[in-house]
Amino acid sequence: MVRKIIIDTDPGQDDAVAILLALASPEEIEVLGVTAVAGNVPLHLTQRNARMVCELAGRSDMKVFAGCDRPMVRPLVTAEHVHGQTGLDGPVLPEPTMPLQDKHAVDFIIETLRAEEAGAVTLCVLGPLTNIAMAFQMAPDVVEKVQEIVLMGGAYFEVGNITPAAEFNIYVDPQAAAVVFASGVPIVVMPLDVTHKVLVTKARANAFRDLGNTCGPVVAEMTDFFERFDMEKYGSDGGPLHDPCVTAYLLKPELFTGRQINVEIEVASELTLGMTVADWWRVSDRAPNATFMGDVDADGFFDLLNERLARLP
Ligand code: BDR
Ligand code: CA
């Protein structure tokens, strides 16, 4: 059965690859719309970048919506130091010509969930959770309509990448993350513990470059740019490809293993703000609210990604 999804995103080179993977897989995934949020860079750039990526995939018919331009409570924190000034530095891509939809992304999420059967739509979240939490707060009736939320965010053993304690997507809008993790919707989490195992080594970047289409070399240029930061930081032989873990999970869940556990979001402490307090060892009596992934078959992941990217223009 084709799975209906909304991609909520702050592109971001790794977001871009995640979107390309979904758009390359129409037999399994129907993308109802792409909703942009402020995160890696401000909203005017993330919505632009989302349209650029859809055009790169030959999908200028895709509906792209702009959502929240700042987190629910805190001021926006961005990550140009990782993604460059545009958020999509690396390849030279044309300015998008496809339109941005007039509707606010949060209204699109609410209206789409209301129009669909309960359990028909999965939310794939690749950035801060602001748009999703706003939809849940503005229209609590849509919460039970969501089939599942699959998100990239948080960390347990790897702890933080933007502060010593917190992963970027959760740190940017911890209040929104807290709303989502308390919502009761089934949640699958791709934390840094998983994404730091999906490394774009030189050989893997060359495999993208050799795909023989337009998208392959563009993806290689994106990962070349994006990985320099993490390679320096972690001393690894390739940068992590975080967000595509979300769309890969939809296509091949068996690539990932994890635990059904309780995950709470720290919203009060200045020191550990945005930390995902994941009860990996089940030492609390708090009820499980998420499937928190811990491992991935990285070779299987890259095989899938290459096979799908090769189908794009
Ligand atoms: C997450 O933060 C962003 O920089 C990436 O796009 C990814 O969604 C990783 O912490
Ligand atoms: Ca992202």
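Listing for the model above:
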read-out: Of residues in the stretch 161-173 being touching a residue at least 40 places away in the same chain (Cβ under 8 Å) and more than 16 Å from ligand 2 (Cβ to nearest atom), the one farthest from E80 (Cα to Cα); value: A165
read-out: Filter result (farther than 30 Å from Y234 by Cα and assigned to a loop (DSSP other than H, G, I, E, B)) within the stretch 79-117; value: P94, E95, P96, T97, M98, P99, L100, Q101, D102, K103, E116, E117
read-out: Residue ranges of helices (runs of 4 or more DSSP H) in the stretch 118-210 with at least 3 members within 22 Å of C68 (Cβ to Cβ); value: 130-138, 168-172, 174-181
read-out: Residue match in the stretch 22-37 (condition: within 23 Å of T214 (Cα to Cα), among the small types (G, A, S), in contact with a Leu (Cβ under 9 Å, 6 or more places away or on another chain) and not in a loop (DSSP other than H, G, I, E, B)); value: yes
read-out: Given (1) touching a Leu at 6+ places or on another chain (Cβ under 9 Å); (2) assigned to a helix (DSSP H, G or I); (3) more than 15 Å from ligand 1 (Cβ to nearest atom), number of the condition R70 does not satisfy; value: (2)
read-out: Residues of the stretch 281-313 satisfying the condition of being assigned to a loop (DSSP other than H, G, I, E, B) and either within 20 Å of P240 (Cβ to Cβ) or free of Cβ contacts under 8 Å to residues at least 40 places away in the same chain (or both); value: W281, R282, V283, S284, D285, R286, A287, P288, D297
read-out: In the stretch 206-229, the residues that are closer than 26 Å to A155 by Cα and surrounded by fewer than 20 Cβ atoms within 10 Å (Cβ to Cβ); value: D224, F225, R228, F229
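One line per residue, one yes/no per condition, for (1) acidic (D, E); (2) within 16 Å of ligand 2 (Cβ to nearest atom); (3) out of contact with any Gly (no Cβ under 8 Å at 6 or more places or on another chain):
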{"site": "L126", "(1), (2), (3)": "no, yes, no"}
{"site": "L129", "(1), (2), (3)": "no, yes, no"}
{"site": "I132", "(1), (2), (3)": "no, yes, yes"}
{"site": "V150", "(1), (2), (3)": "no, yes, yes"}
{"site": "G153", "(1), (2), (3)": "no, yes, yes"}
{"site": "A176", "(1), (2), (3)": "no, yes, yes"}
{"site": "A182", "(1), (2), (3)": "no, no, yes"}
{"site": "V185", "(1), (2), (3)": "no, no, yes"}
{"site": "P191", "(1), (2), (3)": "no, yes, no"}
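Taken together, the values in this text are just the output of simple stated rules run on the coordinates, not laboratory data. The structure displayed is predicted, hence computed values, not measured ones. Ideal geometry is used to build each Cβ from the backbone, glycine not excepted, and the neighbour counts take in all protein chains shown.
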